[in-house]
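The values are calculated or read from the model by the stated rules, or taken from the named source; none is laboratory data. It should be emphasised that the depicted structure is a prediction, and the values quoted were computed from it without experimental measurement. Cβ placement follows ideal geometry from the backbone for every residue including glycine, while neighbour counts extend to all protein chains displayed.
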Amino acid sequence: MALKDYLLLFLPLIAAGLSSYLTYLFAIRSKRQESIFKFKEEKYSNLLILLQGFVGKTVNGNTKRKFFDEQYRSWLYSSDEVVRAINYMVKLVIDSKGSAPEQDVGRKAVGDIVLAMRRDLMEKTDLTYKDFTYTDVV
């Protein structure tokens with residue numbers, strides 16, 4: 001058999017094997033990224049709901065404690081931007097020593113957390129912290 005015959009025989013097999021391997025790699029990577037996205041989305045959703053403990057008429061100590069528990073866990077999965085935004089809000093809470101921080105500063109701190117989460121999940125957003133509003137329901 002000539003080299004040409006071997007190439008005609010083995011080249012399609014090699015191409016098929018390589019193609020299958022690459023498809024497998026991309027499928028695994030895609031599945032992993034999807035899993036990470038869903039995990040972060042769920043965890044960020046929990047943090048967002050617990051932020052209610054700091055806003056408006058829903059302020060309460062129990063929700064704040066739950067938020068801080070989740071915040072500690074968020075160091076494992078949150079982007080650097082989310083961690084920094086949360087840390088800034090926590091600093092505001094500590095510095096205010098039990099009283100409410102200035103309304104615009106507090107609103108910006110919470111809005112920046114939400115935007116950082118959006119950027120981590122969606123990578124790009126044209127919204128600003130002013131677009132996030134919280135409505136008290138009595």
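Results, tabulated for the structure shown:
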| item | result |
| --- | --- |
| The listed residue being among the hydrophobic types (A, V, I, L, M, F, W, C), surrounded by 10 or more Cβ atoms within 10 Å (Cβ to Cβ) and in contact with a helix residue (DSSP H, G or I) (Cβ under 7 Å, 6 or more places away or on another chain), out of Leu22, Leu47, Leu8, Leu18 | Leu47 |
| Selected residue (criterion: surrounded by the most Cβ atoms within 10 Å (Cβ to Cβ)) from residues of the stretch 102-116 that are part of a helix (DSSP H, G or I) and without any contact (Cβ under 8 Å) to a residue 12 or more places away in the chain | Asp104 |
| Any hit, the stretch 59-77, residues being at pLDDT 90 or above, closer than 16 Å to Phe132 by Cβ and either outside any loop (DSSP other than H, G, I, E, B) or in contact with a strand residue (DSSP E or B) (Cβ under 6 Å, 6 or more places away or on another chain) (or both) | no |
| Residues within the stretch 95-119 that are among the acidic types (Asp, Glu) and touching a helix residue (DSSP H, G or I) at 6+ places or on another chain (Cβ under 8 Å), tallied | 1 |
| Candidate set: the stretch 81-101, residues that are assigned to a helix (DSSP H, G or I) and of a type in the set (Ser, Thr, Tyr); chosen: the one nearest to Asn60 (Cα to Cα) | Ser96 |
